[in-house]
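Chemist: This is the structure I want to talk about, given as structure tokens.
The values are calculated or read from the model by the stated rules, or taken from the named source; none is laboratory data. Everything quoted here is computed from the prediction, not taken from an experiment. With ideal geometry, Cβ positions are generated from the backbone for all residues, glycine too; neighbour counts draw on all protein chains shown.
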Amino acid sequence: MSENNTHKALISLVIPGYNEEAIIVQNLNKICDYIKEFEDKYDWEIIFVNDGSTDKTGLLVEEFASNCSFLKVLHHPVNLNLGTALKTGFANAKGQYTITLDLDLSYAPYHIGNLLKTLINTKADIVIASPYMKGGKVTAVPFMRRILSRCVNRFIRIAAQEKFHTYTCMVRGYRSKFLKSLNLKTKDYEINPEILYKAMILRARIIEIPAHLDWTEQNKLGVKRTSGMRVIKTFFSGIMAGFIFRPYIFFISFGFILLLVSFYIIGWIFINTFQVMPTIHLDPVYFDDRFSKALGLVFQQRPHAFLVGGITLLAAIQVLSLGFISLQNKRYFEESFHINTAIYKILKTLENKPLNGF
């Protein structure tokens, strides 16, 4: 589109897909029709990553690309999962801004414009499309999936201790230079929380805007579409992703609960011991002898209390220790990530800077 106009910003639209033959042609047409409305303002490239599809997705998208000059198709020989597909798209994106979109159009094409407008106007590094924030909307999503998604995002929000409502959604806009400075490792759905986590470490400007998640068209397809996200796997992936943000919170919280339980049991043992002490008659009378005798009587009556109290106390100490170690490791990691990112930026600058005299 308008390749000769160098004054227009290039926008990269990254779309991963796996076994999408039922929807790929019609939805790519919808996307192309939408972005044509902005061809006077921007140049576009669509990067479709065929993630090892076993149906006709690859053939259909190649045929579509033969009539669409700004569509670039990348193929994985086997299915490498969402994280790898996105990283492939990011690595090949040449635009000033990168927008990721799900091919099922559960977020309609107009979200592209909303994300891009917010990116440019706010000078943000990342813009998140959020159906769960005020002004957002969810339509026709199956009840169980909707509940699991909300629970995962609420869980991550608590772990991250940030104001955002949506951490798992793939539909986002990025400033490409910033996106490529992140050293992403995740291979599956956890890539979306990972991006936000690393962006937060770097104090990136992250904006969340209302979005409409609509499964009306997906529900019409029924069993025709086989590439839907595996709900249970995604749920547990999201739960595990929560540990990325504040792992020590979970250890310290659980350890504190165990500590309270152990204190309750040990406190009960001491209270009963002091209640039994007046009944102990020894000559001569020494406190430690009476206390030991009373403690022995309480142990004979409730040996399990000593066992449970001792085990929970030891477990609490161990879990709390893990919490403090994870807090220390997290701080080391964040500091190391800051340094490595700074070094990476310097190296990229030197790589792109021509040497004098050559």
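Chemist: Could you tell me which residue of region 108-139 is surrounded by the most Cβ atoms within 10 Å (Cβ to Cβ), considering only residues that are part of a strand (DSSP E or B) and not β-branched (Val, Ile, Thr)?
Modeler: It comes out as Ala129.
Chemist: Also: Taking the stated definitions as given, is Ser262 more than 33 Å from the chain's Cα centre (by Cα) and crowded, with 16+ Cβ neighbours inside 10 Å?
Modeler: The answer is yes for Ser262.
Chemist: Here is a list of conditions, (1) under 17 Å from the mean Cα position of the chain (by Cα); (2) at pLDDT below 90, and Met170 meets all of them except one; can you say which number that is?
Modeler: (2)
Chemist: Here's something else I'd like to know. Answer yes if at least one residue in region 88-105 is acidic (Asp, Glu) and over 17 Å from the mean Cα position of the chain (by Cα), and no otherwise.
Modeler: Yes, because at least one residue in region 88-105 is acidic (Asp, Glu) and over 17 Å from the mean Cα position of the chain (by Cα).
Chemist: Something else now. Output the residue which, of all residues in region 65-74 that are part of a strand (DSSP E or B) and hydrophobic (A, V, I, L, M, F, W, C), is farthest from the chain's Cα centre (by Cα).
Modeler: Filtering first and then ranking leaves Leu71.
Chemist: Same structure again: Go through region 295-350 and report how many residues are closer than 18 Å to Phe243 by Cα and aromatic (Phe, Trp, Tyr).
Modeler: Counting residues in region 295-350 that are closer than 18 Å to Phe243 by Cα and aromatic (Phe, Trp, Tyr) gives 4.
Chemist: Right, here's the next one. Checking Phe164 against (1) of a type in the set (Phe, Trp, Tyr); (2) closer than 30 Å to Lys36 by Cα; (3) touching a Lys or Arg at 6+ places or on another chain (Cβ under 8 Å), only one condition comes out false. Which one?
Modeler: (2)
Chemist: Let me ask you something else. For region 75-104, enumerate the residues that are part of a loop (DSSP other than H, G, I, E, B) and farther than 20 Å from Tyr42 by Cβ.
Modeler: Once the filter is applied, which keeps residues that are part of a loop (DSSP other than H, G, I, E, B) and farther than 20 Å from Tyr42 by Cβ, region 75-104 yields Pro77, Val78, Asn79, Leu80, Asp102, Leu103, Asp104.
Chemist: Between a first residue in region 12-35 that is part of a helix (DSSP H, G or I) and a second residue that is of a type in the set (Gly, Ala, Ser), which pairs have beta carbons less than 8 Å apart while being 6 or more apart in sequence or on different chains?
Modeler: Close Cβ pairs (under 8 Å, with a partner that is of a type in the set (Gly, Ala, Ser)) amount to Ile24/Gly17; Tyr34/Gly113.
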